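The values are calculated or read from the model by the stated rules, or taken from the named source; none is laboratory data. Fair warning: this is a prediction, and the values are worked out from it, not measured in the lab. Cβ placement follows ideal geometry from the backbone for every residue including glycine, while neighbour counts extend to all protein chains displayed. Accessible surface areas use protein heavy atoms only, side chains included; no ligands, DNA or RNA. Shrake-Rupley method; radii C 1.70, N 1.55, O 1.52, S 1.80 Å.
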Amino acid sequence: MIKILQEYILKHFSILNVQRENFDVLIIGAGIAGLSTAFYLPDSLKVAICYKSSFEDSSTWIAQGGIAASLSPLDSPDVHFEDTIAAGDGLCYEDAVRVLVEEGPERLKEFMKLGVSFDTVDDYLDLSIEGGHTLPRILHAGDRTGREIARFLKSNLRGRKNIFFFENCFVGELIVDDDEFKAALVLLKNKPVLFIARAIVIATGGAGQLFSQTTNPLSATGDGPALAFRAGARICNMEFYQFHPTVLMDNTSPRLLLTEALRGYGARLRDSKGNLIMEGVHPLRDLAPRHVIVKRMAQLMKEEGEKCFFLDTRHFKEDMWKNFPFIKSELKKRGYNTETDLIPVSPASHFMVGGINTDLFGKTSIRGIFACGETAATGVHGANRLASNSLLEGLVYGKRIADFITSEERFVSDARFEYRLEVKSSVTVDFYNLRKQLKEVMWQNAGFVRNGEDLQRALEFLNEGLTRLQNNAQLSREYYECLNMFICGKLITESAIFRKESRGAHFREDYPLKDDINYKKNTCTEKSRGLFLCDLKEAFYGW
Ligand code: SIN
């Protein structure tokens, strides 16, 4: 069978003679979602874990605050469920949230037994509280929780003979035939190789790098939704991009996150005149859900001309800082004395709430393709994610995907296909510059305050960029990454134009109110169908 990929095609390149590697399962991404999936797969399956740069270049690696689970005797999955639903602002898929809050505690107990170490006080878990939580339920390992979990998973997986790690391995194309995944064309240290597997798990994280201001690592370029969309899968709720309110205001990239846990310990937010900005705005004040705080910041920026805000930790006793050694030392390096200085903060892109639509087993709309973690839309986050539910989602759904793949008696991949990809020889696009422009356009026009006119401007830029990219295709990571960023930017912008209301993390100044009658639905999109609204249950299905 010979098939030409119809869109974003590369000219004059045939995969007929490309080196082929066979696996049972191919996992893209080495954050908690990808690693947990691998962790729960049996030794009888040959598994490849591909990540595009280094192991440390993931959101998990830099995750500070922690992982939420109802492990306190005062707490229960029901209360965690209610808090998650409240943050999700009417769009959570309740069945998916149930799975998260009920299976989360079991997974974490399992991990602790096996050696993951979370902070304790007098032999009890030291649970912290973050925005939107009504009880302390965040397990943490100092302010480097993600690193502790990734360390544990990596050392476990490194000792297993069935697991193969591929660094500098970029997945360029998913090859799908008859709505079924066949293989992935990967660039392994820039050389094309065909990875054939019966299942692929996309766990590539978010897309914070689409915005000039972000907390996300360099790897967060929206590869997951873009790859899946190009392959024909359903994508969901991309307009809901979460911006974090307390990110150190400086010109580093990514910018330094100042975890919400600091506000859990009593840090307060002030404006330039010293006023507390959340007084009288929300009953949880500085611990209101983060979209509420960001919205308040946007209002003060517009009405009072504030450029940034100030996190006040001056009243912290030294022993409070023992929970935040990394932040303390980073602030010190940058010249801040936390006993005397106010810390300037402003919002930055932080978390992709939507993504590749899945069912309760991580199955997407295409057979053989799974999605897990930030890149997936399982429905647990609705219109806005509750703090510290993201690491939990990767862990809980990673296991469910592994269990499903293990139990499925399914096809052996047909390796006798041939795809002719087409590559243009003369490339004139400056990918670096194009990306830079995209980040600024997205930040200015599709950031935490949006309106129809700005969004339309962003869309025109994205369409022009995509045409240039399609006319100058090449087989390189630079090309594919830039293409993915433009496709993902377009998915975000089109959904944001489509949703003419404000809800959760999506705030339109031209439609400032929530409109339950018309928009208490998910925004779905498929390459073959375009955008459409979908009822809650209907949106989250698998093949
Ligand atoms: C934070 O620590 O404030 C971020 C945690 C999260 O995004 O869940």
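Taking all protein chains as shown and a probe of 1.4 angstrom, E279 keeps an accessible surface of around 80 Å².
Distance cut-off 32 Å, Cα to Cα: go down the list K109/K191; K113/K521; K307/K490; K328/K399 and report the pairs above it.
Working: K109/K191 42 Å; K113/K521 40 Å; K307/K490 28 Å; K328/K399 35 Å.
The answer is K109/K191; K113/K521; K328/K399.
When the P(r) is computed for the chain, the part past 40 Å accounts for 19% of the Cα-Cα pairs.
Remark: the chain carries a charge dipole of roughly 1300 debye about the Cα centre, counting +1 on each Lys and Arg Cβ and -1 on each Asp and Glu Cβ. Take every DSSP beta bridge whose two residues both sit in the chain; close to 65 percent of them are antiparallel.
What do you get for the angle between helix 77-87 and the principal long axis of the chain? Use alpha-carbon atoms, 0 to 90 degrees, nearest ten. Once rounded, one gets 90 degrees.
In summary, the aspartates and glutamates within cross-link reach of K514, defined as a Cα separation below 16 angstrom excluding same-chain residues under 8 places away, comprise D89, E239, E501. Tell me whether the range 48-135 comes out rounded, prolate or oblate; compute the Cα gyration tensor, take square roots of the eigenvalues as a ≥ b ≥ c, and use a/c under 1.5 as the rounded threshold. Because a/c hits 1.5 or more and a/b fails to exceed b/c, the range 48-135 counts as oblate. Positive contributions from Lys and Arg (+1) and negative ones from Asp and Glu (-1), summed over other residues with Cβ under 11 Å from the Cβ of S502, come out at +1. Is the range 177-238 best put as rounded, prolate or oblate by its Cα gyration tensor, with a ≥ b ≥ c the root eigenvalues, rounded for a/c under 1.5, and otherwise prolate when a/b is larger than b/c, oblate when not? Oblate shape, in that a/c is at least 1.5 and b/c is the bigger or equal ratio. With all protein chains in place and a 1.4 Å probe, the accessible surface of the range 219-360 carries 53 percent carbon and sulfur. Taking a ≥ b ≥ c as the square roots of the Cα gyration tensor eigenvalues, the range 213-293 comes out prolate, since a/c reaches at least 1.5 and a/b is larger than b/c. Of D430, D57, D123, the residue with the largest accessible area leads and the full order is D123, D430, D57 (1.4 Å probe). Could you please report the charge total around T252, scoring K, R as +1 and D, E as -1 over all other residues with beta-carbon less than 13 angstrom from its beta-carbon? Its environment carries a net charge of +1. Within the shell of other residues whose beta carbon sits under 13 angstrom from the beta carbon of S53, the net charge comes to -3, with Lys and Arg scored +1 and Asp and Glu -1.
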